[in-house]
1. What is the calculated FRET efficiency for Glu46 to Tyr222, with r their C-beta to C-beta distance and R₀ = 45 Å, to the nearest 0.05?
2. Let me check against my output: what whole-number percent is the relative contact order of the chain, with C-alpha pairs under 8 Å and at least 6 apart?
3. Sort out for me the Cα centre separation of region 81-154 from region 207-251, rounded to whole Å.
4. At a threshold of 8 angstrom on Cα-Cα distance, excluding pairs fewer than six apart, so keeping six or more, what relative contact order does region 117-221 reach in percent?
5. Got a number for the accessible area of Tyr262? Probe 1.4 Å, square angstrom, nearest 10.
6. In percent, what relative contact order does region 25-157 have, based on Cα pairs under 8 Å that are 6 or more apart in sequence?
7. Under 5 Å between amide hydrogens, which residues at least 5 positions from Val5 or on another chain qualify, with H placed 1.01 Å from N in the peptide plane?
8. If you take the charge dipole of the chain about its Cα centre, with +1 on Lys and Arg Cβ and -1 on Asp and Glu Cβ, which of Ile33, Thr168, Phe250 is farthest toward its positive end?
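The values are calculated or read from the model by the stated rules, or taken from the named source; none is laboratory data. Worth saying up front: this structure is predicted, and the values here are computed from it rather than measured. Backbone-built Cβ (ideal geometry, glycine too); neighbour counts: all protein chains shown. When the accessible area is computed, the model is the full protein with side chains, heavy atoms only, and any ligands, DNA or RNA have been set aside. Shrake-Rupley method; radii C 1.70, N 1.55, O 1.52, S 1.80 Å.
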Amino acid sequence: MLSAVVWNADPVFFSIGPLAVRWYSLAFAVGFIIGYDLVARMFKHEGAPEKWLGSLLAYTLIATVVGARLGHVFFYEWDYYSVHPEKIIRIWEGGLASHGGTIALILALFLWSWFVSKKPASWVFDKMVIAIAFVAGLIRLGNLMNSEIYGGPTDLPWGFIFVRDGQTMPAHPTQIYEALCYFILFGLLMWMYWKKNEEERPWLITGIFFIWVFGSRFLIEYVKNVQVGSEYELIARYGMNLGQLLSIPFIILGIVLVIVAYTRPRQHFTFPNKFADTPAKKK
């Protein structure tokens, strides 16, 4: 029988003098590298221009970091940052919100489609969310290494005692719960794209992503600790915390996108294949 895991991981992967590389930062970096490769493979599969990848990465990086930071500032701790605005840019001190990152990334991908690809936004969304599901799983593992955003007390045999955060009783390792959900979703979306050609149903893959990610987030929040004190009022009034309330619109959006995808015919985009090998010249 399993017993509680005494968790006291060092959040720093390695350090050289004053420079410290944290597991969380490493998760972000590795996630973006692998995510870039995944999207590049899909671009190659469909023959999309390779030159689009660089700008897509830039839009994604900026939107994710800025959006996640501003999401935390405005959704969770505006009372504090409104008094200390100079600390908003201190992202290294912690404080990122996935809902804020999601909103910013949605806007960025629409802008990228408008200015760069000039294709329907569904084309890039249905690829990006596959990579995002994988990156999200890695980031939750980074949260685990930081001993943060874990759940409430549990007597289940897989509870974690987060020693570094001063805990003495087992708690739900909600970081692992979410990471598993995201990795399973990643496998499902990869199967839908590579085996079922569901990218030919615009918005279907994106809709499944929103339903699964925010649906699982909504449920897991029930065993997760309250992140900031201001959420207690929301729980008392609505029976839900801020993370759950922010998840509901994305779940509804996902359902709408799935319905739209199945009420429209399949669509196939063609591009000049910039990835194809240049044919050898005949002598």
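1. Details: r = 40 Å, r/R0 = 0.89.
Efficiency computed from Cβ-Cβ geometry: 0.65.
2. Values: 408 pairs, mean separation 68.0, N = 283.
Taking the mean separation of contacting Cα pairs over the length of the chain, I get 24 percent.
3. For region 81-154 versus region 207-251, the Cα centre distance is 16 Å.
4. Numbers: 119 pairs, mean separation 34.8, N = 105.
Relative contact order for region 117-221 comes out at 33 percent.
5. 130 Å²
6. Working: 108 pairs, mean separation 46.4, N = 133.
Over region 25-157, the number comes to 35 percent.
7. Placed amide hydrogens put Gly159, Phe160, Ile161 under 5 Å from Val5.
8. Ile33
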